[in-house]
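Remarks on the structure that follows.
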Amino acid sequence: MQFVIGSKQTTKMVEQGKATEVYVAQDTDPRLKDNIVRLCEAANVPISWVETMKILGETCGIEVGAAMAAVVIPEKE
């Protein structure tokens, strides 16, 4: 399973139709949250909510908080 971390990368993957699921931290900046929710609804991408950015960052294996992350379709090599 491949994933991308961060609001810019997540937004890009949803817009390109490559995201299969998006994880969003509930304590993310409301503007970022509203934007990704709108994009996901338009693209029929399910959203899973995570309690905090710290928890999402740890889940993604990074040492800082993450606002959002997306599971993406693996690139064919």
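The values are calculated or read from the model by the stated rules, or taken from the named source; none is laboratory data. Note that this is a predicted model, so its numbers are computed, not measured. Every residue, glycine among them, receives a Cβ derived from its backbone with ideal geometry; neighbour counts consider all protein chains shown. Accessible surface is based on the protein model in full, side chains and every heavy atom, while ligands, DNA and RNA are left aside. Shrake-Rupley method; radii C 1.70, N 1.55, O 1.52, S 1.80 Å.
Over the range 26-69, consider all pairs of different Cα atoms and compute the Kirkwood hydrodynamic radius from their mean reciprocal separation; express it in Å, one decimal.
10.9 Å
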**Report entry** log10 of Debye I(q)/I(0), alpha-carbon scatterers only, for the chain at 0.18 Å⁻¹
**Finding:** -0.62
Report summary line: Between V50 and residues 5 or more places away or on another chain, the pairs with built amide H atoms under 5 Å apart involve V24, A25, Q26
Query raised in the report: Which of K12/K54; K8/K33; K8/K76 have a Cα-Cα distance over 20 Å?
Result: K12/K54; K8/K76
Report task. Quote the relative contact order of the chain in percent (integer), defining contacts as alpha-carbon pairs under 8 Å separated by 6+ residues. Result -> 47 percent
Query raised in the report: Treating the beta-carbon of each Lys and Arg as +1 and of each Asp and Glu as -1, no other charges, what is the dipole magnitude of the chain about its Cα centre, to the nearest 20 debye?
Result: 220 debye
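Sorted by accessible area with a 1.4 angstrom probe, largest first, how do K54, K8 fall?
Working: K54 130, K8 170 Å².
Largest accessible area first, the residues go K8, K54.
Looking at the range 12-55, which GluC sites (Glu not before Pro) are in a loop (DSSP not H, G, I, E or B) and have at most 14 other Cβ atoms within 10 Å?
Working: sites: E15, E21, E41, E51; in loops: E51.
The qualifying sites are E51.
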Report summary line: For the range 6-46, inverting the pair-averaged 1/r of distinct alpha-carbon atoms gives a Kirkwood value in Å of 10.1 Å
Requested in this report: State the Cα centre-to-centre distance between the range 25-39 and the range 47-69 in whole Å.
Outcome: 13 Å
Requested in this report: Using label points projected 7 Å from each Cα along Cα→Cβ, tell me how many nm separate Q9 and S48, to one decimal.
Outcome: 1.7 nm
**Report entry** Antiparallel %, DSSP beta bridges [both residues in the chain], to 5
**Finding:** 70 percent
